[in-house]
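Visitor: One structure is given below, represented as structure tokens, and several questions about it will come after.
The values are calculated or read from the model by the stated rules, or taken from the named source; none is laboratory data. Keep in mind it's a predicted model, so treat the numbers as computed, not measured. Note: ideal-geometry Cβ built from the backbone for every residue, glycine included; neighbour counts use all protein chains shown.
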Amino acid sequence: MALPTLQAALGGLADAAELLELDGRVVYVNPAFERLTGHDAGGLVGRHISDVHEAVSVERAAASWSGRVDAKSSSGGALAFDGSYSVVSGDDGAPRWVLGLLRDVTRQLHEERALRQSEELYRQIFHSNQAIKLLVDPSTGLIEDANLAACDFYGYTPEELRGLHIDRINTLPRERLDQALLVARQSGSRTFRFQHRRKSGELREVEVFTGGVEVGGRYLLLSIVHDVTERVRAEAQLARAQRMDSLGRLAGGVAHDFNNLLFVVLGEARIVLRGLPEDDPLRAEVERIRDAATRASELTRHLLLFARGGDVTPEPSDVHKTLRGVASLVSSTLGHDVRLSIEAPAGVRPVAYIATAQLEQALVNLIINAREAMPHGGRIVARLRVVSDPDVEHQRLRPGDYAELEIVDDGVGMPKEIVAHVFEPFFTTKGPEHGTGLGLAITYGIVHRAGGAISVESEVGVGTTFRVWLPLLDGLVPDDTPRGDAGSTGSGERAVRAPTIASLT
């Protein structure tokens, strides 16, 4: 092929073209080559092509080589081409020139490089970050991606989380969850408070910060999840403490004023009785007034015990000995269909700094409460052990050793909405004829004034467990109590003063 004919054909191409001698010297470059590289055609003719890019050998060109060609512009900038090379024969049929056709892919490579950098940045921000992160498709509710922190938190593998519907971890009903996804999609960014479920079934309180992102041309929600379970527990603990404190102040104030009024009523009733003959028909009426005022006075005593703890002085108390003494005292009042047993390892004789009378009162309250929860009989178990640094939900205890008392019954149990209020004064599930609703409130006050804590767990149809923790003194008293079931008190034990027994629930 003649050179002019070849130059004319190459001159109209949109892609760069170069015609080289077999030794790599430039014979011709087309206008597109000049435009894309910035090199002047006249200045290149006669120069070796390696001044622009690496030369392609005649052998490779003869084999119709194609591939990536890295070049540099006249200003020194990096260029990239997809090159295709071949050998062109002269009029005599012998190899005469090397022809290179070059398509500019510089922009495409820059975009690919930017995409790789963006993906790497995404991996660093999303996957390597310690925050819990999820990518969710708001149109389907499916989790598109999850980082390692999310896998650790929820207990799933990455493969299990990807493609999982968000309702598997969010406890909201499906219709409310769909509404939340719609709100997040429409608002662009939103903060939610949810309860999330781990693979193990454990529930955690979370705050979810959600914003829209575009990934691969798709609109997704990036959710950053904060576990706020401990904060919620602390807030509940504070609210409970404030509520109990307010109730205590109110109860104490009412009881004090009411007690003053009762003092007058009782005094006047006694005066009237002294002036009435034994056979006077009004005597029975006045005695009823006196008895009612006496019962009301007992109620105010309970209120004052809840509010201020009564006029008692803390003392070193043998928890083991007190427990067995109380068991012996109340066992005969529980009924033939209720069995009370004590479980305490031999040699465990913890000493707590609490007024023995108040410890007795608290134990009696809990045991009688358990009896009231078993209308058809059952078993009450009182367990005692020593624990270190107990972790009590909603209540903060100082580090150290504690006597842990468990009062367990297999009675009717209570639903969660009842459990939440059992320690509040006057809260009762029975009618007024069965009690005042003060027993557990008094127990709560006794335990907390001793620096301890109390908790309750209950399930309807299964039973209830009350746990009490009392801080221990350093020493242990000698183990002189015989082993045995409730009611078998040793002769060395002192007699237990009978505390007031009241219906509690």
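Visitor: When you look at Asp485, is it surrounded by 13 or more Cβ atoms within 10 Å (Cβ to Cβ) and modelled with pLDDT under 85, yes or no? Show your work before the answer.
Guide: Values: surrounded by 13 or more Cβ atoms within 10 Å (Cβ to Cβ): yes; modelled with pLDDT under 85: yes.
Answer is yes for this residue.
Residues checked against (1) surrounded by fewer than 11 Cβ atoms within 10 Å (Cβ to Cβ); (2) assigned by TED's automatic domain parsing to the domain that holds Thr210:
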{"residue": "Ser64", "(1), (2)": "yes, no"}
{"residue": "Ser89", "(1), (2)": "no, no"}
{"residue": "Leu99", "(1), (2)": "no, no"}
{"residue": "Ala149", "(1), (2)": "no, yes"}
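Visitor: Do any strands (runs of 3 or more DSSP E) lying entirely in the stretch 1-84 carry at least 3 residues that are of a type in the set (A, V, I, L, M) and touching a residue at least 24 places away in the same chain (Cβ under 8 Å), and which ones are they? Walk me through it before giving the result.
Guide: Values: elements: 16-21, 26-29, 66-72.
Hits in the stretch 1-84: 16-21.
Visitor: Separate question: I need every pair where a residue in the stretch 445-459 that is farther than 15 Å from Glu424 by Cβ has its Cβ under 7 Å from the Cβ of a residue that is surrounded by fewer than 22 Cβ atoms within 10 Å (Cβ to Cβ) and among the polar types (S, T, N, Q), sequence separation at least 6 or different chains.
Guide: Taking only residues 6 or more apart or on different chains, the pairs are Ala453/Gln395; Glu457/Thr465.
Visitor: Which helices (runs of 4 or more DSSP H) sit wholly inside the stretch 312-421 and have at least 3 residues that are free of Cβ contacts under 8 Å to residues at least 12 places away in the same chain and of a type in the set (S, T, N, Q)?
Guide: On the way: elements: 319-330, 356-372, 416-419.
Because the criterion is at least 3 residues that are free of Cβ contacts under 8 Å to residues at least 12 places away in the same chain and of a type in the set (S, T, N, Q), no helices (runs of 4 or more DSSP H) in the stretch 312-421 meet it.
Visitor: Looking only at the stretch 123-134, count every residue that is surrounded by 15 or more Cβ atoms within 10 Å (Cβ to Cβ) and at pLDDT below 90 and tell me the total. So that I can check it myself, show each step before the final result.
Guide: If we filter the stretch 123-134 for residues that are surrounded by 15 or more Cβ atoms within 10 Å (Cβ to Cβ), which is where we start, we get 126-127, 132-134.
After this cut, where a residue has to be at pLDDT below 90 as well, the list is 126-127.
The qualifying residues number 2.
Visitor: Ok, one more. Any residue at all in the stretch 107-121 that's in contact with a strand residue (DSSP E or B) (Cβ under 7 Å, 6 or more places away or on another chain) and surrounded by 13 or more Cβ atoms within 10 Å (Cβ to Cβ)?
Guide: So in the stretch 107-121, the residues in contact with a strand residue (DSSP E or B) (Cβ under 7 Å, 6 or more places away or on another chain) come out as 109.
Checking which are surrounded by 13 or more Cβ atoms within 10 Å (Cβ to Cβ) leaves us with 109.
Checked the stretch 107-121: at least one residue is in contact with a strand residue (DSSP E or B) (Cβ under 7 Å, 6 or more places away or on another chain) and surrounded by 13 or more Cβ atoms within 10 Å (Cβ to Cβ).
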